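J.: Quick one: the structure is below, questions incoming.
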Amino acid sequence: MSVDIYPDKPGYGEARWIKLEDLNVEHLLNVYTSTDIESGGIWDTCAHFLEHLNRHKPRLVALGSKIEGLSDDHPSKPQCLYQLSQLFESVGNDAECKRLLSRALEIWRERGDGHQVALVLERLSDANRMLGLYKEGIRRGQEALEVYEQLNDTVGQAECLKTLAWTLHGDHQFDAAEEAVSRAIDLLPDKGNQLLICRCHRILGYIYRDKDKTEKAIRHFETALGIASSFGWHGQLFWIRYSLAGLFFDRGGFDDANAHLGHAKSHVINNQYNLARVTELQARFWYGQRKFDEAKSEVLRAIGVYEKLGAVGDVEDCRQLLRSITSERE
């Protein structure tokens, strides 16, 4: 459980067994955490399990109530809360993600752990962005950046600037977002951190798309695609293809859009939230082409997955699309 699970680190491949054994591991953890509540070791293992699950097979678990039931002075509680929050983020339940992050932040502030405080503030910036709370997200991101600067953590600063760029983009501050992500790239060394560089190019693709600089947008998406392809990162490949599909569809390139959508589907793997997102996008494509029966079928499939995951905001977006489809058909 202790191997490094970040996609650009050597240990990532060693953790893929979690896809087959996740239910057995969860069952064992459920037993051990019931009989040895105060043990630090088993809760550290629990945190690692949640992290593995988030990377390789995102789904909700039945360990949440036990984690929240730990006393605040338990050494593993904030890390377990943090990893649990990331699972909720992965399945699209951003409100629950924010709530858990806020609890973890309180505990780590009390313990004076600057690195963990900065990390959680950065993730809270992103959670607020996903909830449409851009001003709060920007404030959290700037607070996180200040902590990273005090710690002289340049990679942390770069990661935080990337996250802050997403939030600024959501608030339609495109020039500020471009400046933030450019600073992030400048902070990174020439070698290493390829995953972060890949993500930076992906957000630059979005920024230039929304600044109506289509050629620049495609160039940055393709740069990200090249990096992700060389490492076989299915998660990144999914979102890059998903982004390119939307870009080409919005500009009338339906053949290219469908080709990228097909590639995105091939990278869903075990991620149910990504499955719902690509299904929803397919519904929007059908709707845009006035194929209402096909659009309705796909959007209902997406709603079914979102509801199981507790992705409330996505469910509402799909229901609005369904209302539009129904209205057009009539």
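Computed from the coordinates by the stated procedures, all read-outs in this text should not be read as laboratory data. What you see is a predicted model, and the numbers here were worked out from it, not measured in a lab. Methodologically, a virtual Cβ is constructed for each residue, glycine included, from the backbone with ideal geometry; neighbour enumeration extends over all protein chains shown.
J.: Taking 7 Å along the Cα-to-C-beta vector as the label spot, tell me the Glu106-Arg139 distance in nanometres, rounded to one decimal.
T.: My value for the distance between the label points is 1.8 nm.
J.: If you don't mind, another one. Using only Cα positions of region 271-330, each an equal point scatterer, no hydration layer, compute I(q)/I(0) via Debye at q = 0.12 Å⁻¹ and quote the log10 values to two decimals.
T.: Treating every Cα as an identical point scatterer, log10 I(q)/I(0) equals -0.23.
J.: Still on this structure, I have one more. Quick one: if you stick a label point 7 Å off each Cα along the C-beta vector at Arg290 and Phe254, how many nm between them?
T.: Label at Arg290, label at Phe254, 1.1 nm between them.
J.: Over the chain, calculate the relative contact order: mean separation of alpha carbon pairs under 8 Å at least 6 apart, over the residue count, as a percent.
T.: Details: 451 pairs, mean separation 37.5, N = 330.
For the chain, the relative contact order is 11 percent.
J.: I've got another one for you. Taking 0.36 nm per residue of separation and subtracting the Cα-Cα distance, what length does fully extending Leu300 through Phe231 add?
T.: Numbers: separation 69, 0.36 × 69 = 24.84 nm, distance 3.42 nm.
Between Leu300 and Phe231, full extension yields an extra 21.4 nm.
J.: Moving on to the next point. Mind pulling the angle between the C-alpha long axis of helix 40-56 and the longest principal axis of the chain? Nearest 10 degrees, somewhere in 0 to 90.
T.: Helix 40-56 and the main axis of the chain meet at about 10 degrees.
J.: How high is the FRET efficiency between Ser182 and Gln320 when r is their beta carbon distance and R₀ equals 51 Å, given to the nearest 0.05? Mind dumping the intermediate values first?
T.: Values: r = 35 Å, r/R0 = 0.69.
Once rounded, the FRET efficiency stands at 0.90.
J.: Under 17 Å from a point 7 Å along the Cα-to-Cβ line of Asn270: which residues of region 44-79 have their amide N that close?
T.: Flagged as within label range: 46-63.
J.: Using a cut-off of 14 Å between beta-carbons, work out the net charge of the residues near Val312 (Lys and Arg +1, Asp and Glu -1, Val312 not included). All intermediate terms of the calculation are to be shown ahead of the outcome.
T.: Details: positive: Lys98, Arg99, Lys308, Arg319; negative: Glu89, Asp94, Glu96, Glu307, Asp314, Glu316, Asp317.
Here the charged neighbours net out to -3.
J.: While we're looking at this one, here's another question. Project the alpha carbons of the chain onto their principal axes and report the range along each, largest first, in whole Å.
T.: Projected onto its principal axes, the Cα set of the chain covers 59, 42, 36 Å.
J.: Based on the alpha carbon coordinates of region 117-183, what radius of gyration and maximum Cα-Cα distance (Dmax) apply, in Å?
T.: Every Cα atom of region 117-183 included, Rg and Dmax give 10.5, 31 Å.
J.: Under a Cβ-Cβ cut-off of 11 Å, what is the net charge of the residues other than Val268 that fall near it, where Lys and Arg count +1 and Asp and Glu count -1? Please list the in-between numbers first.
T.: Working: positive: Arg241, Lys265, Arg277; negative: none.
That sum, taken over residues with Cβ under 11 Å, equals +3.
J.: Only helical DSSP H runs with n ≥ 4 go in: add -39500 (n - 2.57) per run for the chain, normalise by residue count and round the 222 nm mean residue ellipticity to 500 deg cm²/dmol. Let's see the in-between values first.
T.: Values: 16 runs with 256 residues, N = 330.
After summing the helix terms and dividing by the residues of the chain, the value is -25500 deg cm²/dmol.
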